[in-house]
Amino acid sequence: MRFNLIFAVFIFIIFDAFSQNIIDNKAVKPNFFLDCHDCDFDFVRQQLKNVSFVRNPELADVHILSTESGTGSGGRKYFLQFIGRNDYIGENTEYVYITQQMASDDDVRQGLLKLVKAGVLHFYSTSGYKHNVVVEFNSEAKNSDSIFIYDRWDKWIFNVDAGGDFELEESKNEVGFDFGVSVEKITEQWKSDFDVELHNNVETYIDANEEIKNEQQQFRISAEYINSLSQHWSAGFFADYYSDTYLNAKNNIDGRLGIEYNVFPWEFSNRKVFTFRYVVGGEYKQYFEETIYEKTEESLWFEAAEISIDIIQPWGVIESSIEGRHYFHDFSKNSLSFETDVSVRLSKQLSVYVEFEADIVHDQFYLIKDQGASRDDLLLERRKLATAYELGGEVGFRFTFGSIYNNVVNERF
């Protein structure tokens with residue numbers, strides 16, 4: 001009789017386990033791929049030792065994709081998107097974390113860790129692994145929604161930067177100074193920004209008892225006011241003043257009106273942006289030295305158009321833009337700029353990236369009339385020289401292989 005009772009209990013346990021596996025058709029613990037630089041992968045693995053993180057996105061059941069944007073207070077707004085794959089296709093979720101302006105790296109990774117925990121819990125709850133999860137709540141946490149916040153600065157942010165550097169050698173010395181002020185206010189409707197920058201650098205070389213001095217000065221003031229007309233349209237006014245010895249610019253003032261259309265609503269700007277921009281404006285130029293066009297000052301009118309695309313997806317990143325500009329008094333005075341940064345995963349282990357920048361230049365009004373640049377001018381880059389183009393780029397690939405489940409962290413030495 002006792003043997004029959006034990007046998008019946010044993011059969012019941014086996015049947016219950018078998019039934020549980022039938023009910024929970026996702027009983028296997030899901031694998032996660034963490035595509036988040038600021039999360040600090042080693043830190044996350046140390047804190048979540050029982051979570052299976054894989055090194056290749058194609059081997060993951062859930063792709064954790066991080067994107068970020070700047071906030072009006074000078075902080076960062078992170079979007080952590082959990083994208084389901086395999087048995088979890090369609091089970092996507094997103095969490096948002098906002099940092100303060102003075103947040104430390106540890107503050108950021110601690111805040112992002114909480115979002116990773118929340119997302120992991122979500123996918124564990126839809127799988128059979130939910131029976132192994134213990135949830136704890138901080139009972140001392142305050143309800144921030146019930147706190148009334150008074151902002152005496154009315155969303156205005158002020159930044160002041162100042163610094164200097166020096167370098168002394170037997171035959172060379174260098175002294176530099178930098179100063180900057182920025183004032184900005186960002187709301188859902190308006191974006192206002194005002195900046196002042198000053199850079200001064202003096203280099204002195206001694207060659208065969210001859211002193212060679214190179215002094216570069218740049219001063220810039222810029223302001224912009226942008227209005228959000230709708231989820232797709234924006235308009236703005238922009239103004240700049242600058243003085244730059246390298247560009248033979250004694251005083252340069254310009255003002256521009258612009259309009260912008262985003263194919264995607266701006267609420268999706270953390271994942272994809274596809275914009276068309278048009279700008280029209282005028283500028284007044286005053287030069288240190290007479291130019292090749294025999295000008296010491298002149299006023300010009302111009303227009304410019306730009307197409308820009310930014311896409312962040314699990315398969316990679318695309319950031320590209322192309323801008324064309326010309327002057328109304330002479331259409332041959334124009335420029336065309338192209339920039340791109342593309343990274344694409346080709347397979348489980350292989351990804352390629354391309355960074356490229358190209359400029360076609362036909363509007364160098366500032367070139368000095370006397371183009372006989374000396375050796376010192378060339379070596380010290382005292383002034384900008386004539387050119388019809390500028391090119392730069394980088395191409396490469398990344399290949400990884402080996403264990404996909406090694407979550408051990410060892411930072412000795």
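The values are calculated or read from the model by the stated rules, or taken from the named source; none is laboratory data. Quick caveat, the model's predicted, so the values are computed rather than measured. Glycine also receives a Cβ, built like all others from the backbone with ideal geometry; neighbour counts cover every protein chain displayed.
Results, tabulated for the structure shown:
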{"quantity": "Checking Gly255 against (1) closer than 30 Å to Tyr78 by Cβ; (2) surrounded by fewer than 16 Cβ atoms within 10 Å (Cβ to Cβ); (3) of a type in the set (Gly, Ala, Ser), the condition it does not meet", "calculated": "(1)"}
{"quantity": "Hits in the range 172-193 - residues which are within 24 Å of the chain's Cα centre (by Cα) and basic (Lys, Arg)", "calculated": "Lys185, Lys191"}
{"quantity": "Filtered residue count, the range 267-281, keeping only those that are aromatic (Phe, Trp, Tyr) and crowded, with 17+ Cβ neighbours inside 10 Å", "calculated": "0"}
{"quantity": "Close pairs from the range 331-357: first within 11 Å of Arg398 (Cα to Cα), partner at pLDDT below 85 and among the hydroxyl-bearing types (Ser, Thr, Tyr), Cβ under 6 Å, at least 6 apart", "calculated": "Arg345/Ser351; Gln349/Thr400"}
{"quantity": "Filtered residues of the range 45-72 (kept if under 22 Å from Lys155 (Cα atoms) and surrounded by fewer than 17 Cβ atoms within 10 Å (Cβ to Cβ))", "calculated": "Ser69, Gly70, Thr71"}
{"quantity": "Verdict on Asp193 being modelled with pLDDT of 90 or more and under 30 Å from Trp233 (Cβ atoms)", "calculated": "yes"}
{"quantity": "Contacts under 9 angstrom Cβ, first residue in the range 49-69 being assigned by TED's automatic domain parsing to the domain that holds Lys29 and assigned to a helix (DSSP H, G or I), partner surrounded by fewer than 20 Cβ atoms within 10 Å (Cβ to Cβ) and hydroxyl-bearing (Ser, Thr, Tyr), 6 or more apart", "calculated": "Glu58/Ser347"}
{"quantity": "Tally of residues being part of a loop (DSSP other than H, G, I, E, B) and more than 13 Å from Phe79 (Cα to Cα) across the range 94-125", "calculated": "5"}
{"quantity": "Members of the range 157-186 found to be touching a strand residue (DSSP E or B) at 6+ places or on another chain (Cβ under 9 Å) and outside any strand (DSSP E or B), listed by number", "calculated": "Glu170, Ser171"}
{"quantity": "Residues (farther than 19 Å from Trp190 by Cα and either touching a Lys or Arg at 6+ places or on another chain (Cβ under 7 Å) or of a type in the set (Lys, Arg) (or both)) located in the range 250-259", "calculated": "Lys250, Asn252"}
{"quantity": "Qualifying residue in the range 288-295 (condition: part of a strand (DSSP E or B) and of a type outside the set (A, V, I, L, M))", "calculated": "yes"}
{"quantity": "In the range 232-248, the residues that are out of contact with any Leu (no Cβ under 9 Å at 6 or more places or on another chain) and either closer than 30 Å to Thr387 by Cβ or modelled with pLDDT under 90 (or both)", "calculated": "Ala239, Asp240, Tyr241, Tyr242, Ser243, Asp244, Thr245, Tyr246, Leu247"}
{"quantity": "Identity of the residue in the range 304-337, over 30 Å from Ser66 (Cβ atoms) and of a type in the set (A, V, I, L, M), that ends up surrounded by the most Cβ atoms within 10 Å (Cβ to Cβ)", "calculated": "Ala304"}
{"quantity": "Failed condition for Asp38, given (1) over 29 Å from Leu350 (Cα atoms); (2) acidic (Asp, Glu); (3) touching a residue at least 60 places away in the same chain (Cβ under 8 Å)", "calculated": "(1)"}
